[in-house]
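Report on the following structure.
The values are calculated or read from the model by the stated rules, or taken from the named source; none is laboratory data. Worth saying up front: this structure is predicted, and the values here are computed from it rather than measured. We place every Cβ from the backbone using ideal geometry, glycine too, and count neighbours over all the protein chains shown. These area figures cover heavy atoms from the full protein model, side chains too; ligands, DNA and RNA do not enter into them. Shrake-Rupley method; radii C 1.70, N 1.55, O 1.52, S 1.80 Å.
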Amino acid sequence: MSFGNIIRALAGPVLAFASAAVFGQGNQVNMAKGVTEVGAEIYDLHMLILWICVVIGVGVFSVMFYSIIYHRKSRGHEPAQFHESTKVEIAWTVVPFLILIGMAVPATSTLLEAYNTDDAEIDILVTGYQWKWKYEYLDENGENVSFFSNLSTPQSEIYNSQTKGENYLLEVDEPVVIPVDTKVRFLLTANDVIHSWWVPEIAVKKDAIPGFINEAWTKVPEQGIYRGQCTELCGAYHGFMPVEVHAVSREEYDAWLAAKRADKVAQAAAASQALSLDELMAKGEAVYNAQCMACHGMNGEGGVGKAIAGSPVALGDIGRHLDVGIKGVAGTAMQAFGGQMSDVDMAAVITYQRNAFGNNTGDIVQPSDVVNHKKG
Amino acid sequence: MGDHHHGPAKGLSRWLFTTNHKDIGTMYLWFSFAMFILGGAFAMIIRAELFQPGMQLVEPGFFNQMTTLHGLVMVFGAIMPSFVGLANWMIPMMIGAPDMALPRMNNWSFWILPPGFLMLASTLFMEGGAPAFGWTFYAPLSTTYAAPSVTFFIFAIHILGVSSIMGSINIIATVMNMRAPGMTYMKMPLFVWTWLITAFLLVAVMPVLAGAVTMMLMDIHFGTSFFSAAGGGDPVLFQHIFWFFGHPEVYIIILPAFGVVSQIIPAFSRKPLFGYASMVYATAAIAFLSFIVWAHHMYTVGMPVAGELFFMYATMLIAVPTGVKVFNWISTMWRGALSFETPMLFCIGFLVLFTIGGFTGLMLSIAPADFQYHDTYFVVAHFHYVMVAGAVFSMTAAVYYWLPKWSGRMYNENMGKIHFWVSFIGFNITFFPQHFVGLAGMPRRIPDYALQFADFNMMSSIGAFIYGASQILFLYNVIATIVSGKRVTDDRVWDGAEGLEWTVATPAPYHTFEVPPAIDPTPAHG
């Protein structure tokens, strides 16, 4: 930390007081105006109330500072002895009440607007997991498309061994894609603890609660990438489960959805192929880093979860190992990953765990083993 | 009975077995200051980690333990016991009573606190670590997904709750039964009024908190599903119960602070408190409203729109009585003869910063806007403006104001003023930028953040270190006063101070008002 940075950090907000315009882009001081209609309404409401507060504040503080300056004992000011006035008390009860009514009217209309989830064209089920989001595009014909969205910022950036990228902690491996100018309804729930799905620029924040389904909606008019984060404390890695929304044209969206559907078919086909140990290890390492490392450690040394290195599960019966991976361990943070990753990924990561970190079992687990294990 | 007019016992037994309200008040005050330092140390760890983006000092799991313990220790260990200590010292002296109504219970309600906090602090050394689910401990993060130490946390909360309930019953009993003849309710100093109302709030909501943690205990160990949807329960139920306790809790913290400010501002304005009666009614109105606004902490849980509207309107209403209070304080200063000793400086600091916290509170009450503010640093900034600049500043003012009466010695005024200015500036450097990062989109309770929040976070951390350091100065000043401060002998230490506590000798003798004082029959305030 250079001295210059410290000075800059101290000087920044001083400038902010003078004029927000002096500011570099790096230091946003106000709420995002947002791109949606509801977002703009909320922003206007926020500014309205802020300015009302500023005006009242200036008035109140002026009186106080006038008194502090002119009614000093050191200036020889003799104290008055008045100490009540019913008229004044009534005035400063009624006037604020009327101001509040003035605030409540626009607040109510914006709230009703934000709650109106009618006529949505697309439904997306958003499920919070510790610590990632799952998106499922609901389809009338049952051809749902679903995937997980994980933080893609590498550990090396988080632990400062590599320069942090522009979208540090706000980037994911697979963003949620929505078409512009379309009313999209989000159905939110969670798999474990309560999460909250927030994207400031589209002004949607709604809790994702296990066992319940909440609704929210948006209609994004501009193509672009909108970023957000989980905003309900959900455990150790609460700060590491961002949201990335890509708003694209209708055509792009349709093409993307079709590709996703084709992917699903291809993955099923891949599950019937046999892979070499090297292929499985390479793939397994990638899956491990994305899905397992947060809890089980960079070198399988454990952390929130148990150690993988030298673990009786990773060195013992393959069936038991598959059980843990696919079904999870009830009552612990170890989730059931069977539904979260493809059979190929599951085979790869189990193979990796059995051969990495000094667990040199030489075992190879093929995708077909996973498929068979799931069948029982 | 004359030979019972003895002084304190010698040695440790004086403190262990004391039933004297002044001794117990002193122990509460020292204990709460120790907790303030401990909770502050946790805050320093938080701010050190947040000094720069990236993980530097601690792991995310430990960071969550720090935010959780910081909140719990500050709320239950520092602020609440400090005001109970102040009530112990001052209420009997303000109403002309010889002691609290229930002195043995008084001893007990203090002495169960240290073991309670020892139990809470010991969780840091347990397998799986201390509670890491925030001071609001939302289920199921605090039940199914919590470390085993949660059970100790639950028992600690029970102990603290028992202590608070006993303390409150004692205050209610004292105020209702022990007032000197002629000390009518509407002649009581405002500090006594605000504490009486606070004590009723505590008796009403502490059992609710006890219920919440007991339900957690059942869910964790005895197979119930109060807060688990899989078993037919409801995680949102937890939040309703918690905030039914939690919102009145906020006023439990701030109402005695209002009382302190209402004592000190008239003293240094040399002018009676403006609108005494309306202050009492406003306090009662705030206390009533505190019971019907809890779900404004839960605007994003997916309540029906009618519920959102009800809680929004009710919350906005709180601005009315709160505004009345601020206007009354300023009218008290208006055309007074002001002087700016340290207690008054802290009260003016309170007035300015608490009002800012009130404004952000009003902004937060607007449900649709709260969708953007909720669980961001904007909320963190808001509640530190009311909790620190509100409750802690007023408590600090109280210590400077009454310390000469307690100890018979005057604190170092210059050092007090330096303490104020360093605190005031440090506080604002810490928390003002948090409004900006919150509005810009930084969620609370995260150990690492996106790069656009870096500058303001660094500034916030620097401010926190300054604010933290200024408390060491405070501690030094208090100890130096007690040990070697200039002696004061006037009963009325401050020329503008009013109230029975200034009619007893300085330092206050071990026993005061063994014979009830005569109260001026003319109405004191109107």
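Amide H contacts for A:TRP133 (H built 1.01 Å from N in the peptide plane; partners 5 or more residues away or on another chain; cut-off under 5 Å): A:SER149.
Return, ordered by residue number, the residues of region B:125-163 whose backbone nitrogen is under 14 Å from a label point located 7 Å along Cα→Cβ of B:ILE112. So the set is B:155-163. Note on A:VAL94 and B:VAL515: their simple-model spin labels are 5.2 nm apart, each label 7 Å out from Cα toward Cβ.
Here the label points at B:PHE125 and B:VAL305, each 7 Å from Cα along the C-beta direction, are separated by 5.6 nm in the simple model. Heavy-atom surface analysis with a 1.4 Å probe gives region A:122-268 a carbon and sulfur content of 46 percent of its accessible area. Taking 18 Å as the cut-off, the amide N atoms of region B:277-314 that come nearer than this to a point 7 Å along the Cα-to-beta-carbon line of A:LEU112 belong to B:304-314. Between B:PHE288 and B:LEU451, the contour length at 0.36 nm per residue exceeds the alpha carbon distance by 54.3 nm. Computed from the C-beta positions of A:GLU136 and B:ILE425 and an R0 of 56 Å, the FRET efficiency is 0.65 to the nearest 0.05.
Whenever you get a sec, compute what percent of the accessible area on region A:37-115 sits on carbon and sulfur atoms (1.4 Å probe). The partial results should precede the final answer.
Numbers: 3120 of 4440 Å².
Solvent-exposed carbon and sulfur of region A:37-115 make up 70 percent of the total.
Three semi-axes describe the equivalent ellipsoid of region A:79-154; taken as square roots of 5 times the Cα gyration tensor eigenvalues and ordered largest first, they are 55, 21, 7 Å.
In this structure, the amide hydrogen of A:GLY297, modeled 1.01 Å from its nitrogen in the peptide plane, lies closer than 5 angstrom to those of A:GLY302, counting only residues at least 5 positions away or on a different chain. Semi-axes of the equivalent ellipsoid of chain B are 37, 26, 24 Å, computed as sqrt(5λ) over the eigenvalues of the C-alpha gyration tensor in descending order. For region A:217-236, a reduction of at least 40 Å² in accessible area between the chain on its own and the assembled protein chains (probe 1.4 Å) is found at A:GLN229, A:THR231, A:GLU232, A:LEU233, A:ALA236. Here's the picture: a label point sits 7 Å out from the Cα of A:ALA40 along the beta-carbon direction, and within region A:192-212 the residues with their amide nitrogen under 18 Å of it are A:200-204.
When the P(r) is computed for region A:291-345, the part past 13 Å accounts for 62% of the Cα-Cα pairs. Of the three principal axes defined by the Cα atoms of region A:113-175, the extents in descending order read 48, 31, 19 Å.
If you take the Cα Rg of chain A and divide it by 2.2 N^0.38 Å, with N the number of residues, what do you get? Walk me through the numbers before you get to the answer.
On the way: Rg = 27.8 Å, N = 376, 2.2 N^0.38 = 20.9 Å.
Taking N as the residue count of chain A, the ratio is 1.33.
At full extension, A:THR332 and A:TRP256 could sit 23.8 nm farther apart than now, given 0.36 nm per residue minus the alpha carbon distance. Interface residues of region B:451-475, defined as those losing at least 20 Å² of solvent-accessible heavy-atom surface relative to the isolated chain (probe radius 1.4 Å), are listed as B:LEU451, B:GLN452, B:ASP455, B:PHE456, B:MET458, B:MET459, B:ILE462.
Over region B:126-236, give the accessible area per residue in Å² for a 1.4 Å probe, as an integer.
Working: 3700 Å² over 111 residues.
The answer is 33 Å² per residue.
Residues of region B:355-391 that bury at least 40 Å² of accessible area when the other protein chains are present, relative to the chain alone (probe 1.4 Å, heavy atoms, ligands and nucleic acids excluded): B:PHE359, B:LEU362, B:MET363, B:ILE366, B:PRO368, B:PHE371, B:GLN372, B:ASP375. With viscosity set to 1.002 mPa s at 20 °C, what whole-number translational diffusion coefficient in µm²/s follows for region B:136-225 from Stokes-Einstein and a Kirkwood radius over Cα pairs? Answer, rounded: 141 µm²/s. Pairwise Cα separations in region A:122-268 fall into 10 Å bins from 0 onward with the following percentages, short to long: 12, 41, 35, 12, 1.
For region B:334-341, backbone phi angles converted through the Karplus equation (6.51, -1.76, 1.60; θ = phi - 60°) give residue-by-residue couplings of 4, 6, x, 10, 7, 9, 10, 5 Hz, Gly and Pro being listed as x. Quote the Stokes-Einstein diffusion coefficient, in whole µm² s⁻¹, for the protein assembly as shown, based on the Kirkwood radius over alpha carbon pairs, a temperature of 4 °C and a viscosity of 1.567 mPa s. For these conditions, the coefficient is 44 µm²/s. At most 15 other Cβ atoms within 10 Å plus a DSSP loop assignment makes a site exposed; report the longest stretch of chain B without any exposed chymotrypsin sites (Phe, Trp or Tyr not before Pro). By the stated rule (loop sites, at most 15 other Cβ atoms within 10 Å), B:1-221.
With a 1.4 Å probe, what is the total accessible area buried between chains B and A, in Å² rounded to the nearest 100? Please report the intermediate quantities before stating the final value.
On the way: alone 20750 and 21810 Å², together 33850 Å².
Buried area between the two chains comes out at roughly 8700 Å².
Couplings 3J(HN,Hα) for region A:253-261, derived from phi with the Karplus relation 6.51 cos²θ - 1.76 cosθ + 1.60 (θ = phi - 60°), are 5, 4, 5, 5, 5, 5, 5, 4, 5 Hz, where x marks Gly and Pro. The mean number of partner chain beta-carbon atoms within 10 angstrom of a residue's beta-carbon across peptide B:311-321 is 4. Under 5 Å between amide H atoms, partner at least 5 residues away or on a different chain: which partners does B:GLY275 have, H built in plane at 1.01 Å? The list, which skips near neighbours in sequence, is A:GLU84, A:SER85.
Pairs with C-alpha atoms separated by more than 19 Å, drawn from the list A:LYS164/A:LYS205; A:LYS260/A:LYS327; A:LYS134/A:LYS164; A:LYS183/A:LYS206; B:LYS271/B:LYS325, are A:LYS164/A:LYS205; A:LYS260/A:LYS327; A:LYS134/A:LYS164. In this structure region B:298-446 gives 21 Å² per residue of accessible area when probed at 1.4 Å with all protein chains present. Counting, for every residue in B:337-343, the Cβ atoms of other protein chains within 10 Å of its Cβ and taking the mean gives 4.
Just the protein heavy atoms count here, and of the accessible area of chain B at 1.4 Å, carbon and sulfur take up 71 percent.
Taking 4 °C and 1.567 mPa s as conditions, region A:271-375 diffuses translationally at an estimated 97 µm²/s according to Stokes-Einstein applied to its Kirkwood radius (Cα pairs). Label positions at B:VAL483 and B:TYR185, each projected 7 Å from the Cα along the C-beta direction, are separated by 4.8 nm.
Under the 0.36 nm per residue contour assumption, what length would be gained going from the current alpha-carbon distance of B:ILE37 and B:SER13 to full extension? Working shown, then result.
Details: separation 24, 0.36 × 24 = 8.64 nm, distance 2.60 nm.
Full extension from B:ILE37 to B:SER13 adds 6.0 nm.
Across peptide A:196-208, the average count of Cβ atoms from other chains found within 10 Å of a residue's Cβ is 4.
The mean accessible area for residues of region A:37-115, using a 1.4 Å probe and ignoring ligands and nucleic acids, is 56 Å² per residue.
Note: region B:14-153, Cα convex hull, 125 Å³ per residue. As a length-normalised measure over Cα pairs under 8 Å and 6 or more apart, the relative contact order of chain B settles at 18 percent.
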